[in-house]
Amino acid sequence: MRPINYLPVAIAALAINSGGLAFAEFSETLEHKLTIALTESYEDDNVSKETGNGYTDSQKIVKEKISNKEVLDFLEEQNVITDEIKGWSIVVRTYEGEEQGFYLVKKGKDDINVSEYLYFNDGSDEVESYTETYAENDTTGTTKGKYALSSWGEFGLYYYDYEESQEILDLYVDGTYTFAVEYRIISNIDDDENTTYVENVTSISIVDTVGEIQNSGEFSSLISGSAKVGSGKAID
């Protein structure tokens, strides 16, 4: 995940004035629920019918959804999940404005890191929006802001069987990737070093997507849809 590329002017000014500012970090690891809403489109079997003195051939496009459940089903088939999928959730964890990976979580069970299989990728070229406000009282100055980086991006599910030395599944979609963060800086006016900086990811999304599924290296079907996470909750 791309690190922050926008640091508020307030930080730079404080750093220069203090000769090197030391921040007290109060960010927490956040856990965000992932929502997968994809549609798979593939060719149905060819149907041939006799019609009088001739025949008619036809073929339809079949559409099926790929949601969290279908992804969990697949991971169960590959023995990543070793019990029933009921109760398991797919989450993304973030810390200090950066993605920390994909996990499967279930109450009473050890978390499973599935970053080897699920991923977001962002592009190198991006556009950015941001808003920042500053206010102070007799003792502290508070900067609050948010920014969103949008670029070409990719979401995917990939599984490679190392025992068989074979790619089992390669599902990926390209689209508009957006990564949004909120931050807060609280500085003591009389003590520059007594400054806190908190930043949290508020959303990650890839929308307006199109891609494909390959099974064992061969094209299988067309994919479209979205994958999103919203604001997270702090975890221990």
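The values are calculated or read from the model by the stated rules, or taken from the named source; none is laboratory data. Everything numeric in this text was worked out from a predicted model, so none of it was measured. Backbone-built Cβ (ideal geometry, glycine too); neighbour counts: all protein chains shown. With ligands, DNA and RNA removed, areas are computed over all heavy atoms of the protein, side chains included. Shrake-Rupley method; radii C 1.70, N 1.55, O 1.52, S 1.80 Å.
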Quick one: among Ser41, Ser216, Ser124, which has the greatest mean-square fluctuation in a GNM of the chain with alpha-carbon springs under 10 angstrom? Ser124
Anyone know which of Thr56, Thr142, Thr133 comes out most mobile in the 10 Å Cα GNM of the chain? Thr56
Just to verify a number: what accessible area does Lys60 come out at with the full protein assembly present, 1.4 Å probe, Å² rounded to tens? 150
Under a 1.4 Å probe, counting only protein heavy atoms, Glu31 has an accessible area in Å², nearest 10, of 30
Net charge of Cβ neighbours under 11 Å - reference Glu84; Lys, Arg +1; Asp, Glu -1: -1
Of the accessible area of the range 24-113, computed with a 1.4 Å probe and all protein chains kept, carbon and sulfur make up a percent value of 43
Of [x] 31, 20, 19; [y] 31, 24, 17; [z] 46, 21, 14, the label for semi-axes √(5λ) of the Cα gyration tensor in Å derived from the coordinates: [z]
Pick out which of Gly141, Gly108, Gly97 has the largest mean-square fluctuation in a Gaussian network model of the chain, springs linking Cα atoms closer than 10 Å. Gly108
Summed residue charge, Cβ within 14 Å of Asp57's Cβ, Lys/Arg positive, Asp/Glu negative: -2
In percent, what relative contact order does the range 141-236 have, based on Cα pairs under 8 Å that are 6 or more apart in sequence? 27
Taking the chain and counting helices only, DSSP H stretches of n ≥ 4 at -39,500 (n - 2.57) each over all residues, the nearest-500 ellipticity at 222 nm comes to -2500 deg cm²/dmol
If Lys and Arg each add +1 and Asp and Glu each add -1, what is the summed charge of the other residues whose beta carbon sits under 14 Å from the beta carbon of Asp45? -1
About its Cα centre, how strong a charge dipole does the chain have in debye, to the nearest 20, once Lys and Arg get +1 and Asp and Glu get -1 at the Cβ? 840
Quick one: accessible area per residue over the chain, 1.4 Å probe, rounded to a whole number of Å²? 58
